[in-house]
1. Could you grab the pairs with beta carbons closer than 6 Å, sequence gap of 6+ or different chains, first residue in segment B:153-179 and closer than 24 Å to A:P9 by Cβ, second one part of a strand (DSSP E or B) and among the polar types (S, T, N, Q)?
2. Take the residues in segment A:233-259 that are at the interface with chain B (Cβ under 10 Å from one of its Cβ atoms) and of a type in the set (S, T, N, Q), then tell me which one is most open to solvent (accessible area, probe 1.4 Å).
3. Would you check if B:D194 is under 30 Å from B:D300 (Cα atoms) and surrounded by fewer than 24 Cβ atoms within 10 Å (Cβ to Cβ)?
4. Just checking, which of B:V26, B:V13 is open to solvent by less than 20 Å² (accessible area, probe 1.4 Å) and more than 30 Å from B:V212 (Cβ to Cβ)?
5. So B:E227 fits all but one of (1) out of contact with any His (no Cβ under 9 Å at 6 or more places or on another chain); (2) free of Cβ contacts under 8 Å to residues at least 24 places away in the same chain; (3) open to solvent by 10 Å² or more (accessible area, probe 1.4 Å); (4) within 9 Å of another protein chain (Cβ to nearest Cβ); what number is the exception?
6. Return the residue satisfying two criteria in turn: it lies in segment B:260-294 and is within 29 Å of A:F12 (Cβ to Cβ) and of a type outside the set (S, T, N, Q), and of such residues it is most open to solvent (accessible area, probe 1.4 Å).
7. If a residue must be over 23 Å from B:R310 (Cβ atoms), open to solvent by 30 Å² or more (accessible area, probe 1.4 Å) and either of a type in the set (A, V, I, L, M, F, W, C) or in a helix (DSSP H, G or I) (or both), how many such residues does segment A:310-330 contain?
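The values are calculated or read from the model by the stated rules, or taken from the named source; none is laboratory data. The structure presented is a predicted model; accordingly, all values stated were derived computationally and were not measured. Positions of Cβ are backbone-derived with ideal geometry, glycine not excepted, and every protein chain shown enters the neighbour counts. Just so you know, the surface numbers come from the protein's heavy atoms only, side chains and all, with ligands and any DNA or RNA stripped out. Shrake-Rupley method; radii C 1.70, N 1.55, O 1.52, S 1.80 Å.
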There are 2 protein chains.
Amino acid sequence: MQNFTFYSPTYFVFGKDTENQTGEYVKRFGGTKVLIHYGGGSVIRSGLLDRVKASLEKEGIAYTLLGGVQPNPRSGLVYQGIDLCRSEGVDFILAVGGGSTIDSAKAIAAGTLYDGDFWDFYSGTPIEKALPVATILTISAAGSEGSADSVITKEEGMFKRGASAEAFRPKFSILNPALTQTLPAYQTACGITDIMAHLYERYLTNTKDVEVTDRLLEALLLTMVHEGPKAVADPNNYEARANIMWAGMIGHNNACGVGRSQDWNSHNIEHELSALYDCAHGAGLAVTMPAVFTYVMNHDVMRFAQIATRVWGCQMDFAHPEETAKAGIEALRNFLISIGMPKNFAELGAKEEDIDKLVEVLCYGDGRTGTIDGFVTLNADDCRKIYQLMV
Amino acid sequence: MQNFTFYSPTYFVFGKDTENQTGEYVKRFGGTKVLIHYGGGSVIRSGLLDRVKASLEKEGIAYTLLGGVQPNPRSGLVYQGIDLCRSEGVDFILAVGGGSTIDSAKAIAAGTLYDGDFWDFYSGTPIEKALPVATILTISAAGSEGSADSVITKEEGMFKRGASAEAFRPKFSILNPALTQTLPAYQTACGITDIMAHLYERYLTNTKDVEVTDRLLEALLLTMVHEGPKAVADPNNYEARANIMWAGMIGHNNACGVGRSQDWNSHNIEHELSALYDCAHGAGLAVTMPAVFTYVMNHDVMRFAQIATRVWGCQMDFAHPEETAKAGIEALRNFLISIGMPKNFAELGAKEEDIDKLVEVLCYGDGRTGTIDGFVTLNADDCRKIYQLMV
């Protein structure tokens with residue numbers, strides 16, 4: 001196991017009706033002037049925004065609003081949020097929504113306290129400080145409610161890049177599974193796929209003897225396989241939503257990924273798809289993961305055979321472990337199709353003729369120099385072949 | 001899943017040589033006058049105490065020392081520590097040792113800021129505040145390095161009781177698996193047994209549909225079954241020690257136990273054994289667990305069958321699930337014997353003729369009124385029968 005530090009100081013408030021405690025927790029964590037950041041109309045239509053406002057008002061906490069976060073959140077709104085926080089004297093940012101809203105809130109939080117362009121942070125500049133952020137989660141997917149991460153798309157050039165910082169860990173996160181019950185099956189499945197990708201990206205490691213994190217990641221994948229189809233079949237299944245919600249958080253706050261090298265090339269390769277086509281990140285991952293895993297499988301056949309037997313219940317073929325490894329990837333592909341995810345470029349809305357452009361941005365865009373690092377270091381030729389496998 | 005809150009704000013610093021960073025972390029978390037609390041001579045002999053002192057001195061941090069913590073830590077030393085902290089103006093407590101030392105440190109931390117008798121906290125009075133505590137762990141077992149818990153034995157009457165508080169979560173914990181390599185096989189096995197008990201006590205729940213935490217607990221049990229015997233066979237196996245150390249923390253900071261009822265009757269029943277005979281807590285649990293599980297198995301046969309198949313690899317007997325359940329308990333018993341744990345009263349040093357006394361203290365001592373609550377509520381007659389099963 002590699003040396004590591006782990007720090008997840010978020011206060012998680014989990015369960016039914018917990019959004020009504022928002023005001024108390026904002027107060028506890030020192031907020032006096034709050035920016036409520038959200039996406040489209042669903043948090044308004046569902047009455048959630050009103051409940052959150054009422055909870056803040058009950059504690060006498062002032063707030064200002066900034067809606068309009070899109071999926072694959074954009075730099076434009078981040079700049080707008082930074083200006084607003086400065087002009088209004090905001091000292092606490094409350095994200096009400098999913099990963100896009102939370103990631104946008106984190107970017108605003110860091111940018112507000114920074115003299116330069118916030119995009120510096122998404123190009124490698126370390127983040128020293130940020131306004132406190134808290135979340136009220138409405139979709140289990142990105143894990144941003146417990147993570148130190150944020151992903152933003154820069155509108156000039158459509159670069160989609162991530163940043164990480166301790167200051168990005170939310171002060172508190174309100175996780176009410178019932179708030180995710182209004183999600184349609186497709187978005188639910190996208191979220192499940194994203195969570196599974198976070199687990200796979202950690203599972204694909206070059207670090208030896210990491211049984212504890214292997215087992216924890218398998219446990220969370222087994223949970224998704226068990227609970228995911230229930231939530232897709234019946235949006236009102238609170239218990240399935242609850243299991244998925246906790247798995248999504250604990251799967252991405254990195255408690256199960258410490259001390260080991262990780263992959264993240266499925267995310268890297270997918271990011272260019274959702275940046276170019278504005279498709280759902282989870283849907284892009286459903287097409288990307290089986291292609292990447294098929295391409296890199298021979299780098300460590302036994303690792304793929306292990307996940308195939310332990311998670312997918314494949315019989316181990318001791319004479320031909322590569323057959324077991326392949327069967328596990330096929331089982332993943334079939335599972336994702338079964339919950340309604342696309343299986344190729346056509347179903348995703350991506351185009352074969354764009355592959356050169358995708359590879360160019362992926363491998364050379366925004367300062368990269370021809371390769372992306374991970375479980376296997378991939379060059380432009382590798383990435384082209386992987387995109388080709390998705391056609 | 002039940003509503004819950006989860007807050008684990010400890011900064012974990014994991015890996016080789018990390019104890020040399022102690023001074024930096026004490027500084028980061030605001031300590032200026034430290035009480036170094038420890039047990040016997042092993043932290044002196046190994047040179048650990050000198051390295052910790054050197055690290056504090058490098059940062060210009062003053063300290064005072066209090067050694068002498070015994071296994072099953074006593075109230076007497078806690079009172080002494082409280083006096084010392086007050087007279088020396090200590091503002092930060094650093095526990096260098098295992099669960100006993102950490103639990104003693106937590107008790108001193110709360111007692112120092114309290115006007116009354118610290119034992120009030122171990123009799124149910126809520127803990128409002130405590131001095132900040134940090135840990136340098138030398139044995140994987142109690143999980144106190146990440147937990148909100150502390151267990152102390154009151155010398156008058158030899159009551160062993162626990163207390164929990166958010167203020168008991170350590171500010172930071174330094175987890176260097178190499179520090180556990182000096183432990184003899186027997187103590188290593190006691191630690192493994194304690195960790196497994198923490199997992200079983202959470203697994204035995206009456207809450208339905210808690211797949212995510214079931215799976216996480218199984219993952220950690222599988223890790224102990226895989227890594228435990230390696231550490232017992234070869235004390236210098238760093239990787240096995242590392243897997244056990246992280247499993248021990250994450251298994252008891254409650255990330256894997258949230259939203260479900262838990263048991264803790266094996267701990268309750270064992271506490272009287274280690275209080276009376278001063279045996280190792282883990283050794284007591286090795287004798288206690290199979291007896292308790294055999295006694296309560298019929299309360300939920302399928303739960304015991306599930307852990308038998310998923311953790312112990314037992315074949316499910318669909319016609320007779322109780323046979324599978326029994327086989328799982330037998331597998332646990334055999335595993336514990338295989339790592340050198342005692343299997344009955346005689347091997348533990350306990351006496352059949354003390355059973356009435358044990359039951360009396362367990363069920364009526366220190367304010368209890370005849371029963372202990374958990375997976376199954378047990379009365380004095382139940383507890384007598386369970387102790388009888390251990391003879």
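1. B:A163/B:S150; B:F168/B:S150; B:R169/B:T10; B:P170/B:T10; B:P170/B:T135; B:S173/B:T10; B:S173/B:T135
2. Let us first name the residues in segment A:233-259 that are at the interface with chain B (Cβ under 10 Å from one of its Cβ atoms), namely A:237-251, A:253, A:255-256, A:258-259.
Add one more test, that the residue is of a type in the set (S, T, N, Q), and what stays is A:237, A:243, A:253.
Numbers: A:N237: 40, A:N243: 0, A:N253: 6 Å².
Result: A:N237.
3. On the way: under 30 Å from B:D300 (Cα atoms): yes; surrounded by fewer than 24 Cβ atoms within 10 Å (Cβ to Cβ): no.
Criteria not met by B:D194.
4. Values: B:V13 fails: more than 30 Å from B:V212 (Cβ to Cβ).
Only one candidate passes the filter, namely B:V26.
5. Here B:E227 meets the rest and fails (3).
6. Let us first name the residues in segment B:260-294 that are within 29 Å of A:F12 (Cβ to Cβ), namely B:260-268.
Now restrict to residues that are of a type outside the set (S, T, N, Q): B:260, B:263-264, B:267.
Details: B:R260: 11, B:D263: 8, B:W264: 58, B:H267: 16 Å².
Only one residue tops the list, namely B:W264.
7. 5
Residue by residue, here is whether (1) more than 25 Å from A:L204 (Cα to Cα); (2) not in a helix (DSSP H, G or I); (3) not polar (S, T, N, Q) holds:
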| position | (1), (2), (3) |
| --- | --- |
| A:L336 | no, no, yes |
| A:K343 | no, yes, yes |
| A:A350 | yes, yes, yes |
| A:D354 | yes, no, yes |
| A:C363 | no, no, yes |
| A:G374 | no, yes, yes |
| A:D381 | no, no, yes |
| A:R384 | no, no, yes |
| A:V391 | no, yes, yes |
